[in-house]
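Some notes on the structure that comes next.
The values are calculated or read from the model by the stated rules, or taken from the named source; none is laboratory data. What you see is a predicted model; the values in this text were computed from it and never measured. Using ideal geometry, Cβ is built from the backbone for each residue, glycine included, and neighbour counts are taken over all protein chains shown.
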Amino acid sequence: MKTEKLKYERPAIRKMNTGLMNKFGTRTEYAPFTHIDGVSVKELINKYGSPCFVISERTIRKTYQNAVRAFKTRYPKVQFAWSYKTNYIDAVCNVFHQEGSWAEVVSIFEYTKAIENGVPGNKIIFNGPEKTKADLQIALENNSYIHVDHFDELYDLIELTQELKKTAKVAIRVNMDTGVYPMWDRFGFNYESGQAWNAINKIMASEYLEMVGLHCHIGTFMLDTNAYAIAAAKLSDLAVNIKYVFNKTIQYLDLGGGFPSANTLRGAYLPGPDMIPSIDEFAEVITNTILNYGYKKEDLPLLILETGRAMIDDAGYLLGSVIANKRLSDGRRATIMDFGVNILFTAFWYEHKITPAQEFSSHTEDMVIYGPLCMNIDVVRSSVTLPALNRGDHVVVHKVGAYNMTQWMQFIAMRPKVTLIDTNGESHVIRENETVKTITEPERMPEHLKTFNL
Amino acid sequence: MKIHSNLAVSDSGFIFNPSNGDSFSTNVVGADIIRLLKLGKSLTDIKKDISVKYDVEPTVFEKDYEDFISQLQDHFLVNND
């Protein structure tokens, strides 16, 4: 009778130390993460290769609907605008657009993507410090909301609207002290110095500019809800003053984004889920501030939110495999994965949760997780406790939906496929992997360099 | 290379070194190797025993074995004589 062999796990040993426990204890109860929305990780890797990104459409929709609920149950007029820079893969954008999100873009590249996705021009918010006159003209003709970042842009816009005799719908981006330091003051006009009010005066005096909104984006991965209360109050102060001085009602306040995801920041004492305020806590302070500010009922502005990271991070997974195991000179275990910081840019900011995708024993080891790049900086986790991983074993990196698929680099290796699991559990490729041709096609070879003899 | 004969190894992979009081935990494959080393088995025998019991390529095991032995050396659990 043939007996089935036992599953092999690389032999490992760990010295047991007493007196070194932290108050949270050590974590040894990792469970394998074998399925995403009911689809087997192994099957996904067999079908799409390793590494590959997987996005859960179900999680995006659930997260978005929860955020909308948090705000709409507290405030009568709410609009979300999908922050393209967070993840501008068209299929991802369209999930948000299907849910009712407008588009928030920060370059003509992103603007064009939104238009090509079918977003009506008057539902695109154009932010960002770089808008050429040609870009502004496109936004103007499409009746988009133009969020002016600096005076040079404002003068360009005044000139352009006068030339075309067409009215632009504008808002100014306002930077301010919200008690969070370092203060984000490089974008927009400063509130405390009176710069924002100067910009408002110029807009109100311009024949073809209609001041429709006020915008701010006070920071990123914000852990303090009170900063949003201060921001909402300062924008409201400007809105109320505009009404008083110019008898002009501001249509919307755009509080930008910056809500955190449940990732753990590098060097943070507590894990992400224990540190971050919930979306309801942010909604509570923002809506309370606006509702209590003293607007007349008919002047209550539309509240726009450009939340990116908190909407998409949880929905993204990176699947990968172990290339090799080795031991460093100081005795530490090192595991080399087939994904590195070139495609997991957020490894610079977060201590990403990494889970094996197959069964393992309860024995764990402290290890460094490296990527495949021949670069010293390619460290995915500088210290993590994981089970003994064998060569070829699969792992799942969690909460990678934000910024990785936009800030990734084609460097040394090529970028992998991005897939999406729909709400019925079907998987789809939404971005093909790069090939050598993808990289070399835009290159041009001068005639004299076409041949050589070695 | 010889493993200390007085090491206590439990079924669950708990190892106690009575000569200095150090204790260790190892996984099941590690515990099997230590037990086989205590029986004085050679690498060839250990490789054979492990490949009968576990689903592993001999070359993969040999590489992991070398690494495991270096860990035992780091923890002063083997003699290099």
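Assorted remarks:
- Among the candidates B:50, B:69, B:46, B:34, residue that is in contact with an Asp or Glu (Cβ under 7 Å, 6 or more places away or on another chain) and in contact (Cβ under 8 Å) with a residue 12 or more places away in the chain: B:50
- Condition check for residue A:196: assigned by TED's automatic domain parsing to the domain that holds residue A:251 and either in a strand (DSSP E or B) or at positive phi (or both): no
- Some residue of region A:123-134 being touching a strand residue (DSSP E or B) at 6+ places or on another chain (Cβ under 9 Å), among the polar types (S, T, N, Q), part of a helix (DSSP H, G or I) and not assigned by TED's automatic domain parsing to the domain that holds residue A:400: no
- Cβ pairs under 7 Å, 6+ apart, first in region A:112-123 and touching a residue at least 12 places away in the same chain (Cβ under 8 Å), second part of a loop (DSSP other than H, G, I, E, B) and surrounded by fewer than 17 Cβ atoms within 10 Å (Cβ to Cβ): A:121/A:143; A:122/A:143
- If you filter region A:29-58 down to residues that are surrounded by 12 or more Cβ atoms within 10 Å (Cβ to Cβ) and part of a loop (DSSP other than H, G, I, E, B), you find that the one that is modelled with the lowest pLDDT is A:30.
- So residue A:445, is it aliphatic (A, V, I, L, M) and surrounded by 14 or more Cβ atoms within 10 Å (Cβ to Cβ): no
- Within region B:29-44, if we keep just the residues that are out of contact with any strand residue (DSSP E or B) (no Cβ under 8 Å at 6 or more places or on another chain) and of a type in the set (A, V, I, L, M), the residue that is farthest from the other protein chains (Cβ to nearest Cβ) turns out to be B:39.
- Filter pass, residue A:437 being in a loop (DSSP other than H, G, I, E, B) and either over 27 Å from residue B:68 (Cβ atoms) or within 14 Å of chain B (Cβ to nearest Cβ) (or both): no
- Qualifying residue in region B:60-78 (condition: more than 11 Å from chain A (Cβ to nearest Cβ), surrounded by fewer than 12 Cβ atoms within 10 Å (Cβ to Cβ) and out of contact with any Gly (no Cβ under 7 Å at 6 or more places or on another chain)): no
- Meets criteria (assigned to a strand (DSSP E or B) and at pLDDT below 90) for residue A:14: yes
- Selection status of residue A:178, surrounded by 17 or more Cβ atoms within 10 Å (Cβ to Cβ), of a type in the set (S, T, N, Q) and either outside the structural domain of residue A:106 (by TED's automatic domain parsing) or in a loop (DSSP other than H, G, I, E, B) (or both): yes
- Flag if residue A:343 is touching a Phe, Trp or Tyr at 6+ places or on another chain (Cβ under 7 Å) and free of Cβ contacts under 8 Å to residues at least 40 places away in the same chain: no
Residues checked against (1) farther than 15 Å from residue A:399 by Cβ; (2) under 26 Å from the mean Cα position of the chain (by Cα); (3) not assigned by TED's automatic domain parsing to the domain that holds residue A:211:
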site: A:270; (1), (2), (3): yes, yes, no
site: A:274; (1), (2), (3): no, yes, no
site: A:286; (1), (2), (3): yes, yes, no
site: A:293; (1), (2), (3): yes, no, no
site: A:349; (1), (2), (3): no, yes, yes
site: A:362; (1), (2), (3): yes, no, yes
site: A:367; (1), (2), (3): yes, no, yes
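- Listed by first and then second residue, the pairs with beta-carbon distance under 8 Å, at least 6 apart or on different chains, first residue in region B:14-26 and over 11 Å from residue A:16 (Cα atoms), second aromatic (Phe, Trp, Tyr) and not in a loop (DSSP other than H, G, I, E, B), are B:17/B:24.
- Filter result (closer than 23 Å to residue A:104 by Cα and in contact with a helix residue (DSSP H, G or I) (Cβ under 7 Å, 6 or more places away or on another chain)) within region A:179-202: A:189, A:190, A:191, A:196, A:199, A:200
- Scanning region A:407-430 for residues that are touching a Pro at 6+ places or on another chain (Cβ under 9 Å) and either assigned to a strand (DSSP E or B) or free of Cβ contacts under 8 Å to residues at least 24 places away in the same chain (or both) gives a single hit, A:413.
- Some residue of region A:436-453 being more than 30 Å from residue B:28 (Cα to Cα) and under 24 Å from the mean Cα position of the chain (by Cα): no
- The number of residues in region A:68-93 that are out of contact with any strand residue (DSSP E or B) (no Cβ under 7 Å at 6 or more places or on another chain) and either hydroxyl-bearing (Ser, Thr, Tyr) or in contact (Cβ under 8 Å) with a residue 24 or more places away in the chain (or both) comes to 9.
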